[in-house]
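All remarks here apply to the structure that follows.
Each reported figure results from applying straightforward, stated rules to the coordinates on display, with no laboratory input. In this text, all values refer to a predicted model and were calculated from it rather than measured experimentally. Ideal geometry is used to build each Cβ from the backbone, glycine not excepted, and the neighbour counts take in all protein chains shown.
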Amino acid sequence: MNRLPNSLHALDVASLVHPQSNLRKHLEQGPTIFSKGKGIFIYDEDGREYLEAAAGLWCASLGFGVERLAKVAYDQMCKVGYYHIYRSSSNETAIELAAKLLELAPVPMSKVFFQCSGSEANDTAVKIVWYYWHAHGKPEKRKIIGRKMGYHGSTCAAASISGKPDMHQESGLPFDAFRHTEFPNYYRNQLPGESEEAFSARMAQALEDLIIAEGPETVAAFWAEPVMGAGGAVLPPKGYFEKMQAVLQKYDILFVADEVICGFGRTGNLWGSQTYNLKPDMISCAKALSAGLQPISALLLNERVFEALMIESDKVGHFAHGYTYAGHPVTTAVALETLKIYDEMDIVGHVRAVEKPFLAELKALESHPLIGEFRGIGLIGALEVVNDKATREMFPADAGVMDILGRNAKKHGLILRLVGNRIAFSPPLIISEAEVREMVRRLRNALDDTWSAVRAN
Ligand SMILES: Cc1ncc(COP(=O)(O)O)c(C=O)c1O
């Protein structure tokens with residue numbers, strides 16, 4: 001489509017830096033501008049409709065426009081548009097939201113700390129881990145173990161916990177204290193004849209080996225997403241977390257569950273920690289906390305962590321940490337109302353009902369020549385795209401097959417989240433059975449067109 005040089009496209013290219021985008025290609029190709037959202041659909045400026053199979057960035061649990069939340073935000077802005085919660089100031093909605101989160105927490109939690117993003121929640125948790133071991137007279141216990149292909153955000157500490165190589169390249173990251181254990185992708189990393197349980201045992205052994213090599217007295221905490229999101233919607237293999245948590249307990253290592261994606265129904269329970277029986281000391285959450293409609297995250301701390309924090313606060317004179325917009329009256333009001341909506345509509349019940357067709361329809365795509373495997377739970381999962389089903393060989397990156405697939409999906413009115421050779425799904429939680437079938441219909445068309453292009457080459 002021809003655009004005027006002074007159009008929004010030209011203005012975008014002239015003025016905006018886009019995260020996680022190829023900046024040179026963007027200068028050449030320009031943006032897709034999304035102007036309207038309704039339910040699980042998003043519309044570009046020409047009115048073209050797209051079914052959003054990833055809820056934006058795993059966010060828009062209630063879809064792309066929720067009038068009830070807009071009204072709450074408006075009312076709250078009129079009442080008190082901004083105030084902070086520093087130096088013992090507070091506001092009604094921050095208090096109520098913190099109390100509600102403690103009531104909903106999957107394991108006993110003691111306090112809630114607010115920020116504006118998942119990255120900040122994890123960043124805060126890193127600092128709190130270090131405080132914890134200082135308070136316990138073990139300041140040398142400082143190393144943080146994340147996982148290869150794990151994702152915990154973009155601040156320097158959160159990117160350091162993350163195990164995605166592109167997040168470290170050219171930046172000197174990760175910081176010194178950060179280590180990464182194995183990527184538990186059973187499909188891709190299993191050994192010949194290795195059962196899923198045996199694979200999990202090998203993953204736990206790798207964690208233990210790393211801890212011993214580093215010196216257990218230097219290892220402070222382990223970070224994990226219940227289902228790995230940006231690593232490609234990778235589910236933990238059978239028995240994985242049970243075995244990993246046993247290692248953490250053995251060496252007295254704190255566990256932080258990153259529920260930024262999994263929290264609030266995504267896996268068919270309110271928390272991924274419930275789905276996989278996690279017993280974390282801290283939980284970071286965001287995204288669906290406000291249905292993605294306001295930038296807010298929360299960090300939940302258990303009692304032993306809070307007590308340590310208090311000891312350090314006594315020493316310093318205060319908890320020397322915070323964000324201007326933490327506990328913001330508007331973000332907390334919207335999050336509080338979001339949790340009310342989840343309760344009224346029984347979000348977990350809805351996810352469990354739609355989970356069946358979601359999993360079955362995507363599993364059926366394993367018969368497609370391009371698909372090696374599907375795994376999912378609740379309303380999250382991924383398809384592996386392969387060049388050879390028997391050997392699981394991937395297409396070479398420079399063949400551009402995933403780019404072709406992404407373009408074909410858009411042509412058929414579908415937005416996909418592509419991670420390497422994986423198609424990650426996390427549609428809005430409000431998706432209906434009929435919409436799941438429509439998503440898969442559009443996907444099948446995109447796969448067929450991509451298969452034709454592959455064969456033509
Ligand atoms: C598991 C996980 N943790 C943390 C983050 C970072 O959140 P944010 O982008 O809000 O900083 C993300 C973002 O996708 C995430 O998926």
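Placing +1 on the Cβ of every Lys and Arg and -1 on the Cβ of every Asp and Glu, with no other charges, gives the stretch 69-345 a dipole of roughly 160 debye about its Cα centre. Charge tally for Leu101 (other residues, Cβ to Cβ under 12 Å; Lys, Arg +1; Asp, Glu -1): -1.
Among Asp46, Asp449, the order by Cβ neighbours within 10 angstrom, fewest to most, reads Asp46, Asp449. Counting only residues at least eight positions apart within a chain, or on another chain, the aspartates and glutamates with an alpha carbon under 14 Å from that of Lys411 are Asp44, Asp46, Glu49, Glu52, Asp403, Asp448, Asp449. Report, ordered by chain and residue number, the lysines lying within cross-link reach of Lys143, taken as a straight Cα distance under 23 Å and ignoring same-chain residues fewer than 8 apart. Within the straight-line cut-off, Lys143 pairs with Lys127, Lys164, Lys243, Lys250, Lys279, Lys315. Shape class for the stretch 141-294: rounded, because the ratio a/c of the largest to smallest gyration tensor axis (alpha-carbon atoms, square roots of eigenvalues) is under 1.5. Between Leu23 and Leu102, what FRET efficiency comes out of the Förster formula 1/(1 + (r/R0)^6) with R0 = 51 Å and r the beta carbon distance, rounded to 0.05? That pair, Leu102 with Leu23, gives E of 0.75.
If you take the beta carbon distance between Leu16 and Glu49 as r and set R0 to 25 Å, what does 1/(1 + (r/R0)^6) give as a FRET efficiency, to the nearest 0.05? Calculated transfer efficiency: 0.55.
The Cα atoms of the stretch 123-229 give a gyration tensor whose axes a ≥ b ≥ c have a/c of 1.5 or more with a/b no greater than b/c, which makes the shape oblate. Distance from the Cα centroid of the stretch 250-305 to that of the stretch 186-225 is 21 Å (rounded to whole angstrom). Here Phe374, Phe306 are placed in order of increasing Cβ neighbour count within 10 Å, fewest first, which gives Phe306, Phe374.
In terms of Cα to Cα distance under 23 Å, which lysines are near enough to Lys71, apart from those fewer than 8 places away along the same chain? Those lysines meeting the cut-off are Lys36, Lys38, Lys79, Lys100, Lys287, Lys340. Over the chain, what is the percentage of antiparallel beta bridges among all DSSP beta bridges, to the nearest 5? Counting only bridges with both partners in the chain, antiparallel ones make up about 65 percent.
For the chain, what does the helix formula give at 222 nm: sum of -39500 (n - 2.57) over DSSP H segments with n ≥ 4, over the residue count, nearest 500 deg cm²/dmol? Rounded to the nearest 500, it is -13000 deg cm²/dmol. Looking at the square roots a ≥ b ≥ c of the eigenvalues of the Cα gyration tensor of the chain, which shape do they give, rounded for a/c under 1.5, prolate if a/b is larger than b/c, or oblate? Note, shape of the chain comes out oblate.
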